[in-house]
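A short write-up of the structure that comes next.
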Amino acid sequence: MVRVEPGLRYTRTHEWAKVIGDIAIVGVTDYAQSELGDITYLELPPPGTAVKQGEPMGVIESVKAASDIYAPVSGEVIEANQSIVATPEKVNSSPYDEAWLVKVRMSDPRELDILMDEAAYEQFLAEEAAAH
Amino acid sequence: MPVQYQGIIVEHQTVRTVAGLFDLGHMGQLVVRGSDALAFLQYVTPNDVARLRPGEAQYSMLLYPNGGVVDDILVYFHPVGDHYFLVVNAANTTKDVAWLLEQRRGRSDLQVDIIDVSNQTGMLAIQGPKAETILQRLTPIDLTEISSFQAVLADVAGTPAMVARTGYTGEDGFELYPPIESVTSLWDRLLEAGTPDGMLPIGLGARDTLRLEACLPLYGNELSAEITPLEAGLSWVVKFDKGNFIGREALWRQKSDGVPRKLVGFRMVERGGVPRARCEVLVDGHVVGFVTSGTTSPTLRENIGLALIAREHAGIGRPLDVMIRGRPVRAEQVRLPFYRRTR
């Protein structure tokens, strides 16, 4: 069973955002890592990069597949997790904690309204599973 | 067969260090029999079927007249010695049968039957350094007497099966062909026998990384209607001296003129992602070929691949650039295979 962490905001492309003031800490969900399998490569936007909600901001690759990472919110990247780039397998073992990917200073916090809370994301995962 | 059970890397390493169990029920099996079965197979395959004694197998292919590949196959001379048993790729089974029937129509001088037995035949593989030890617990025959590419009929956990020392992982191991109705119980018995040693069921993902490290070709990647066995580095399969066969003339011409492309191995020496099939390969900014297979090697812990490139650019140590998401990423050509077992 995949884990959904309470208190986070979620995208339909399986990223999460943890909001602290005007900063969003961003990662990919437990579901995303379990679908991808063994993760071997990450490409993250460097600090200073402007990212836009719903648009690709990075790449995550596993042994079997490559996938884009989409920005859950718009804003400026203020930090990228360099230690996770060196140990991408931690996305598998700790997707909500050690494997945060970037911190974004949000330009429009109202964008959070279109993201899902944990209950809605759980529902979304159940619907995805039923559709397959 | 799922892509993975527990995870590609753990399954891969388990096959390299202990053993893994594969359900290969998707593969196709054909029986070729009749008084001219040998002559027919000599005509439709490039390897020399006459070298097989009962209970021996060889890697071979079905070729188009232009030398392109219909499929890559295993040809067994059945241990009983009265027919040949072909193992073909799942997705190609229908195409292969149609192709063989078409060739038979063109050779009405030959008395031969081609029967698709995929629906009656199960296929399991047990591969890895402990495969022999584990399988031996379930069969009275002495497995040490079966050498590589040999097959016998045996009782395995109460099921009659053809047991062959063949595989697609680069490890020692066996492929088993029980009747389809026994396959699930045999799977359970094998898993039970190997679990104390740490054996795991293996999915398609690890099957691909294992075969790629061992540099075993995959149809649709290293071989296709557009790629000849000579280009794919499999000239040993083509026995020009055995007499006529479909594709011989075209391959002989290619050999005489010089093979234009070569399959090479490479490893990525720059960060930038995992090379994948069909990525373009560049030298000095010019496209010289494409990646046929690529992955993160669980054994080597680096990104590796095979590429089909213009012959003049091939050479161990020479650089290539692989286009990954629109960016050239530096790679270096390496000796093949990427992995060879030491035992």
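Bear in mind these aren't lab numbers, they're just calculated from the coordinates by the rules spelled out. Only a predicted model underlies this, so the values are computations on that prediction, with no experimental measurement involved. Every residue, glycine among them, receives a Cβ derived from its backbone with ideal geometry; neighbour counts consider all protein chains shown.
Multiply the residue gap between B:HIS26 and B:THR184 by 0.36 nm, knock off their C-alpha separation, and tell me the result in nm, one decimal place. It would help to have the intermediate numbers written out before the result.
On the way: separation 158, 0.36 × 158 = 56.88 nm, distance 1.38 nm.
Using 0.36 nm per residue and subtracting the Cα-Cα distance, I get 55.5 nm.
The trypsin sites (Lys or Arg not before Pro) of segment A:1-49 that DSSP puts in a loop, and whose beta carbon has at most 15 other beta carbons within 10 Å, are A:ARG3, A:ARG12. Label positions at A:GLU35 and B:SER108, each projected 7 Å from the Cα along the C-beta direction, are separated by 5.7 nm. Working note: Cα atoms of segment B:260-334, range along each principal axis, descending, whole Å: 32, 24, 19. Principal axis analysis of the Cα atoms in segment A:40-88 yields extents of 31, 22, 11 Å, listed in decreasing size.
Could you tell me how far the Cα centroid of segment A:19-90 sits from the Cα centroid of segment B:80-153, in Å? Here the two parts' Cα centres lie 47 Å apart. Entry for segment B:191-277 at q = 0.23 Å⁻¹: log10 I(q)/I(0) = -1.20, Debye formula applied to identical alpha-carbon scatterers, no solvent contribution.
What number does segment B:106-218 give for Rg over Rh if you use C-alpha atoms and the Kirkwood radius? Using Cα coordinates only, the ratio equals 1.03. Across all Cα pairs in the protein assembly as shown, the calculated P(r) in 10 Å bins from zero up to the longest distance comes to 4, 18, 24, 23, 17, 9, 4, 1, 0 percent per bin. Across B:ALA164, B:ALA232, B:ALA50, mean-square fluctuation computed from a Gaussian network of chain B (C-alpha pairs under 10 Å connected) peaks at B:ALA50.
Would you calculate the volume per residue, in Å³, of the smallest convex hull containing every Cα atom of chain B?
Numbers: hull volume 45.6 nm³, N = 343.
Hull volume over Cα atoms, normalised by residue count, gives 133 Å³.
Which FRET efficiency value, to the nearest 0.05, do you get for B:ALA98 and A:GLU122 by plugging their Cβ-Cβ distance into 1/(1 + (r/R0)^6) with R0 = 35 Å? All intermediate terms of the calculation are to be shown ahead of the outcome.
Working: r = 49 Å, r/R0 = 1.39.
My answer for the efficiency is 0.10.
For chain A, pairs of C-alpha atoms spaced more than 25 angstrom apart make up 18 percent of the total. Stokes-Einstein diffusion of segment A:1-62 at 25 °C, 0.890 mPa s viscosity, Kirkwood radius from Cα pairs, rounded to a whole number: 190 µm²/s. Rounded to the nearest 0.05, the FRET efficiency derived from the C-beta distance between B:VAL269 and A:VAL2 at R0 = 30 Å is 0.25.
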